[in-house]
Structures are given as structure tokens and as C-alpha cells.
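So the structure is just underneath, and the comments pick up after that.
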Amino acid sequence: MEQKQKTILHQFKSQPRLPNFAIPNRYDLHLKTDLSACTFSGAVQITLTIVDDTKIIVLNALELDIHGVSYSNSDTQIYKPSDVLLDKEDEILVLVFDDMLGVGEGVLEIEFSAPLNSHLKGFYKCTYVDGGVKKNMAVTQFEAVDARRCFPCWDEPALKARFKITLDVSKEFMALSNMPVLDEKLTGDIKTVYFEESPHMSTYLVAFVIGLFDYIEETTVDGIKVRVYCPLGKSEEGRYSLSLAIKVLDYFTKYFSMSYPLPKLDMVAVPEFSGGAMENNGLIVYRENLMLYDDLHSSAKNKQVLAICVAHEVAHHWFGNLVTMAWWSDLWLNEGFATWVSYMAIETLFPEWKMWTQFLQQTASGLVIDALEESHPIEMEVHPARSIDDKFDAISYKKGSTIIRMLQIYLGDENFQKALSEYIKRYAWKNAKTDDLWAVISEESGTQINLMMDTWTKQMGYPAISVKSSDNTLEFEQSHFLLSGLHSDSQWIIPITLSLGSYNKQKNFVIETKFHKVDISKDFADANTTTTPETIPNTGDGNFWIKVNTSQSGFYRVKYDDKLASQLRKAVENNVLSETDKFGVLDDAYALCQAGQQLLSSLLSLIDVYRKELDYIVTSRLIHVCNGIVNIATEAIPDLVFELKQFFINVLQFSATKLGWEPILDEDHSSAILRGRLYTALASFDDDKTHEEAMQRFQAYMRDRKTTLLSADTKMAVYLAVIRKATVSSRYGFESMLQLYREADTAENREEILRILAACPDQDLLVEALDFLVSDEVREQDIVYGLAGISFEGRHRAWKWFKDNWDPIFNRYGANFLLTNFVRDIITPFCSNEEANEIEEFFATRPHEAVAMDLKQSLEQVRIKARWVEFIRQDHSLPDLIEKLAAKGSS
């Protein structure tokens, strides 16, 4: 490259945004695809406005071959660039002209070509089997910054434009895009498909899919045609998603007081996709297992996951697509809101599912990550733009959605809905920042929320609130909760909810300082006793209790003094708390224990009072906590692990016996999900009875695939029990799983097997499982299921395998999101500083920006557990307590 060209490029190096010499208004994009050669070529005519006289135009392009460029102004004068410079590192295309381009409108035309890549981003190829023949299709995934891999563009969310798309495809293929088909023309074997021009939208929402599908369709009451495109022969498996889409479109239209903004909605299931789904404007793309549902063979859990997924993606057409964040630093405005409103929609459509109760799983996941020093604020710096890739995380989605829920409860449903409707109306087809949202909500609700909400979005982390009772007063103290035990001076403005002995006696107030006191004597003015917490009777059954963060609606932890904690434990035992509060008491205690602020013996005593729990969300968290304790105990107190497992088996046995293995006629949705969760947990704790029953059911299934002994909801539990018994010398379970995987004709069935395949304790068999997961038999996208299931016993062998296979793993998975799963799932099980040091040393010579944040967070979690191990070893009451608890038997 000549010095002059280097000098030109240098002025645009490492810039956070594109220079604003020109602004795009409209793209006329014509692409020609060749699925046999896996290539595409195209031409784009970009109508743009030159803002300042310039000799340079800078836009985004990556991995494209540029063949021709010209610019014509409004006087039809044509300019050819003297230099066409591509900078791969900054992902820009710099066009240098000898003559000045004057202010005004013009058209930039660029011809280009590229291969269809195999990295599940940009414009990529994926394969499927039709009639035993392997075939190609082409799919796009442009979020966050990969439209530039398909065509030169101003690839920033604020630079919205209209899009007129034309696709040339082989005549046998369907071509889908954001807008309805305007016309089709056949020239020999090539079909040219012309699509209607789109409204203003960001480049990351542009999409097209080329392949063969069957479809079904319905029309909403507002006249919106909704189609679901399925693999050939599987259109009926799209029926459930179609009905959901129709219902949630109606729900969001009413909730936001704004009609769906496009003339059609297509949803398409593709065989290879790096994420779960993508909300492209008018063309949502899904993994097959998140759109296809079989009434006879799909589990209740999958039905629910699919419902949330469809609602989430459709919701983006208001939050994200219609009103778009101004820059990636406000990603949470897309993902946090879509997560929150998807739960609200499904709660309304299926109230018996108790989705707001299940929403606590979102909250809990957010609380875990945000208790790390390596967390980040909801509003964050994003530079360069590609660094956003690792911020599609629990902070943007789960913390984001939880603080929205917290604000909704604080302001009230009606005020909140009214404010959101106004926000959507005011910023429709435009871009907005977090401050814009707070301004509208403050204006519409009459409550100034900016200062309060800034404490939740502009700083990382959250508070733990210590609560002490003293006579008629509750004393509160807030501090930054970090699992590492470190402290900071951060403070929050916290909307507090609390219940005093009954859900009929509640207080709501705001803590704005580090210390706060509340007089509760007036709340019991009608009591005929002294008005102190020590003597106030509970209005329900059992003793008096105080529960802060009623229904777990706030994003914070609560640490009670010994007396209040004891009263709450009694309230759990007497079953006078709601399921959300039982969840919260347990989850907070577990987090405090991990942070070294509570003894494990205290946590185990609390778990003991959950023996008769039948609620899905509480039992699910109980299982999560028990799993975490077994894993840490394996490192800290290995001699007590067997008895500890026996204690947990006994705790869960009451619920398992009550539900049984067989589905009960007309049982509720949550019972079906809970059954699978319970028996999976018992299998993971190596309960002999569960393993024996599971093996009998599995053998019956292997003899007859139509047996009723293996229900969709218990299949995972059975598979796990079978694989945990498999060894290199006793391979029946492992080989049977491979056989079932190869027979599977649905993505859901393949996913179930992949999730447990590496759960075998046998080290050599684990390596075989890991080798299979990265073989050509498993789609790249599906590696996420297998890695999440690696047995705790196999963590050291999995790490050695990962190191030995780093190069091929990096070459195959390093170009997309999937490498982060290897880092997170293989590293986080470790529990010692020595292991953390070894991991750090390994990656010191293998830096990779896409996994940098996940690596830091994973290493921090290892060191947190190492610290916890030391705390546990100093708890000398544990041996006697665990022996006593294990001996109690099941209730």
C-alpha cells in the first residue's frame, strides 16, 4: 500500500463511529446467489446525502471483493474514485475521489462479490438433508455488525434507511426477505424476486433466506398475514408457533397502543443458527427447536421455552425495530424490554403457567453475573462496535428486564403502560437512548425516575441490604454485593417492598442513603400486644416474620439478622410464604453463603425446611442450590459428599413421590415440568432407585420406541441416569445414546441427547463424548448443548481435552459466538486458585477478543469458589450436621 493510502486510512483508524461526511437514505440492493458454488455477487445503489463538501466517503465493508464504484450527484454528474481502500481491521471501505463531492443528494453505486461463509454470520450457507440428499440454503444473521459482510453499508443502528431488495435465485428455491414479494420474473433457470420497499430500519435488521420450505399461514384481525416456514414435510410442527404469533401480535398492538408496523410477518426455522432466534424486521429466523413443536413428542418445558422465544422476537418489532437504540451502548433497550414484555404477554395468555413467578429465574441469573467484579453497567461503552458481541449477556437481558419489572411495580401497571405507549409513539421509526425513555416515563407518570434509574443502569452491580430489628424499628444498611468479598462505595436508590407477618400488612418506601430506619409500630396499632417484632403475633399461621423484597420484585439481596432469619425459616417450614418469597429466601441465603457472609451449615439447615416443597419455581431453585453445594463440597469436604447427596435426595424425595414418573390426567403445566426437573436431579445425585427405574424405562424404550414408559417430560432424566452408569467397559448406555441421536428426526430430540452425552463420570468415555460433540455429526450451533452437560467429575479431563484440541476448536468455532461456550462451560466448574492460574497462563498466549469478557468472568468465578472452599473447611460443625440431616430420611 502506498504511503498516501496509508495516510488516508490512518485518519479513520480505531474510530468509534463512521465519519458523518454522508448519510444514507435508501438502499437498492440486488443480490445473485449460487448455492452450488456457495457464492454471491451484487450491486447496491445507495441514495445518500452529502453533509459537508468532501473528497472521501467512508462506510462499512468486510470480506467483500469490490469490483466497481461510482457516485452520481443530483445533476447526474458521475465521479469515479481514484482509490478504493478496504481496511479489514476497522471493517471500513474508504472511497477517495479527486474532485470534491458537493453538499446534496446523490447515488453511490458499488458492485461486489463474496463467498457464502460457514460461520453462521453475515450471509452464510447452511445444509440440510432432503430425501437423503445433502442440500444448501442461504441465511442472513446481521446483528450486531455483520450486514457489512453482505453488502457495503453504513452499518450503525442510528443510520436508518429504506431498503429495496431484489434477489436472483435458482427457480426451485423460495426467497424470503423483510417485505412482501412485489413481483417475480423467470429467466431460464433463474428466478428474480422483487420485494416491496421497506420503511426506515437499521442495517442489522435486514434479512433474506433462500431455500426450500413448506409453510402455513393465518391472518390477524388487523389484516397482517403471518406465515410460518418449516422444513419440508413438517409444516404442522409450526402450528403452535403460528397461533402464538397471532396472539402476541394482538397483545402487543393493544398494550403499546400501536399497530404492528409492517404488512406481513414471516417466521422461518433454519437448520443452522448461532443464536436462538433473530428479530429481523418482518422475517424472524429461528433455530428449528425454538419454532417447531410436536404435541405428541415435545416436552411441556419446550412448549414454554418456545412461547417465550416467539413472544420475545415478535416484541422486538416495537422495542428494537420500530424504536431502535441510538448505539449499542443501549442494547438493553432492545433485549431487556423484549425479555420483560415476553413474560408479561405469556403470563396473560397462559396465566396457569405463572410466568411472572418463573421470571425469577431471569432475575437470579442476572444477580449471579452482576455480583462479579468483572460485570459491567447496563449502559456501557462499546468501542469498537464489534465488541458488543459479548454484551448479549445476562446484564442486557436479565438484569435489564428485572429493573424494568421493578420500575413497573414501583409506578403501577397503568402508569407504566401509558408511559411506554407514549415513548413508542414519540420515537417510532427513530432512535432513542436510555435517558429518552426515563424522560418520557417521568413526564407521563408524574414521578421523576431519572436519578433512581441511573443508579441501576449507569453503574454495575447491585446492593445487599442488611436488615436488623430493634424494638419498633427496622434498620437497613445497603452495600455493594460482590461475591469476591470486596467492597465499593457504590450506592443505589432502592424501591423497597416488605411484608410484616402477612401479605395484608405491607410497606413500600425508597432507600436513598446508606442507612435507613423504618418505624413499624403504627402498622400494628390495632394489635392487643406490645408493638415489637419480638411479640407481635403473625396474622397467619406460625410465628411473626418480616420479608423484605416481597415477591422478589427488586434487583438486590437481603441479609437478615439472626432473629429475623430464624423467623423466616419457620415461615418457610409452616408454608405461609408465597412461592416467590420462598424462592427469594433460599436464593439470597445461597448467594450470601458463596460470598462467605453465611455459614454452609446455616444454609443446609434452611434447605432442610424445604422438604415438602411442591412448587416448580421453588423446587427448581432448590435443585440449583443443591447442585452447587455438591460441586463445591467435592472440592472442600470430599469425605462428606456421599452423605450430602443422600440428604438432598431425601429432601427431594417427597415431591418426586407425590408426582411419580407417570403423567397425571389433567395435571397442570408446572407439574409436568417439575417431574422432569426432579427426576433429573435425583439421577444427577446418583439415587439408586431413580437409576434402576430409569434403566428399566430406557430398555423398554429401546425395544419399542412407542412405549408410554418414556414420556417427553421425563426423557432427559432417564437419559441422564443411563449415561451416568455408562463406562468404557460397559458401553450400552453410551452407544444407545449415539444410536438414538443418529435416528432422531427432530432438533429437539437431538438436543436432549447432546445435553447429557458428556455427563458421564467415566473420564475416557467423556473424551469420546467430547470428540463426538465436535465431529461433523453435530452441527456447530449445537455444541452449546453438549458443553453445558459436562459432568463435574470430568472437569479436569475436559480441560485437558480443550487444551489438546485448542487449534481445531478455535479454527471451527472461533469466528462466532460459540467459542465463549467452551470457555465458560469448561472453566467455571473449577474451584481452586492453582487451576485459575493455570487457565490464565494458557490463555495468556492465546488472546481472543470475542472471549475476553467471558474468560475474565469465568476466572473470577473460579477464584470466588476457591475462597468459598476455604470458608467451608473452617465450618467445623458440618460433619455432625450433615450426618444428622442425611439420617433423617425422606419426609
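Structure notes:
- Principal-axis tilt of helix 616-636 within the chain, Cα atoms, nearest 10 degrees: 80 degrees
- Over the chain, accessible surface divided per residue gives 38 Å², non-protein components excluded, 1.4 Å probe.
- In this structure the amide hydrogen of Asp214, modeled in the peptide plane, comes within under 5 Å of the amide hydrogens of Cys230, Leu232, Gly233, Lys234, none closer than 5 places in sequence on its chain.
- Distance between the 7 Å Cα→Cβ label points at Thr707 and Ser365: 3.4 nm.
- Candidate aspartates and glutamates for bridging to Lys507, where Cα separation is under 15 Å - those fewer than 8 sequence places away on the same chain excluded: Glu475, Asp519, Asp523
- From phi via Karplus (6.51, -1.76, 1.60), per-residue ³J(HN,Hα) for the range 858-874 in Hz, x at Gly/Pro: 5, 5, 4, 5, 5, 5, 4, 5, 4, 5, 5, 3, 5, 4, 5, 5, 8
- Assigned charges on the beta-carbon of Lys, Arg, Asp, Glu; the range 694-761 dipole about Cα centre (debye): 240 debye
- The range 1-210 - convex hull of alpha carbons, volume per residue in Å³: 130 Å³
- Protection proxy ranking, peptides 227-236, 675-684, 804-813, average beta carbon neighbours within 10 Å, highest first: 675-684, 227-236, 804-813
- Rounded to the nearest 20 debye, the dipole magnitude of the range 1-210 is 480 debye, with +1 charges on Lys and Arg beta carbons, -1 on Asp and Glu beta carbons, and the Cα centre as origin.
- Between Asp880 and Ser170, residue separation times 0.36 nm minus the direct Cα-Cα distance comes to 248.3 nm.
- Taking the Cα centre of the chain as reference, the dipole from Cβ charges on Lys and Arg (+1) and Asp and Glu (-1) amounts to some 920 debye.
- A helix-only calculation puts the chain at -12500 deg cm²/dmol for mean residue ellipticity at 222 nm, using -39500 (n - 2.57) for each DSSP H run of at least four residues, averaged over all residues.
- In order along the range 227-240, phi translates into HN-Hα couplings of 10, 10, 9, 10, x, 3, x, 10, 4, 5, 6, x, 4, 5 Hz, rounded to whole numbers, per the Karplus curve 6.51 cos²θ - 1.76 cosθ + 1.60 with θ = phi - 60° and x for Gly and Pro.
- The lysine pair count for the range 10-162, using Cα distances under 16 Å and pairs eight or more places apart or on different chains, is 5.
- Each residue was assigned an accessible area with a 1.4 Å probe, and for Leu564 the value is about 0 Å².
- Protection proxy ranking, peptides 833-845, 643-655, 112-124, average beta carbon neighbours within 10 Å, highest first: 643-655, 112-124, 833-845
- Between the range 351-430 and the range 276-296, the alpha-carbon center distance in angstrom: 22 Å
- Qualifying aspartates and glutamates (Cα of each under 20 Å from Cα of Lys247; at least 8 residues distant if same chain): Glu217, Glu218, Asp222, Glu236, Glu237, Asp266, Glu279, Asp294, Asp295, Glu313, Glu347, Glu352
- Among Met137, Phe252, Leu205 the positive-end extreme of the charge dipole of the range 129-281 (Cβ point charges): Leu205
- Amide H to amide H distances under 5 Å link Ala712 with no residue, where only residues 5 or more positions off or on other chains count and H is placed in the peptide plane.
- Rg over Rh for the range 684-838 works out to 0.98, using Cα positions for both radii and the Kirkwood form for Rh.
- Projecting the Cα positions of Ser72, Leu116, Leu659 onto the charge dipole of the chain (unit charges on Cβ atoms of Lys, Arg, Asp and Glu, taken about the Cα centre) puts Leu659 furthest along the positive direction.
- Where Cα atoms sit under 21 Å apart: lysine pairs in the range 323-458 separated by 8 or more or lying on different chains: 13
- Considering only alpha-carbon pairs that sit under 8 angstrom and 6 or more positions apart, the relative contact order computed for the range 218-275 is 44 percent.
- Split the accessible area of the chain by element, probe 1.4 Å, and carbon with sulfur accounts for 48%.
- Since only Gln594, Leu159, Phe817 are under comparison, the one whose Cα sits farthest along the positive direction of the charge dipole of the chain, derived from C-beta charges on Lys, Arg, Asp and Glu, is Gln594.
The values are calculated or read from the model by the stated rules, or taken from the named source; none is laboratory data. Computed from a predicted structure; not experimentally measured. In this analysis, Cβ positions are derived from the backbone assuming ideal geometry, glycine residues included, and neighbour counts consider all displayed protein chains. Keep in mind that these areas ignore ligands, DNA and RNA; they rest on the heavy atoms of the full protein, side chains included. Shrake-Rupley method; radii C 1.70, N 1.55, O 1.52, S 1.80 Å.
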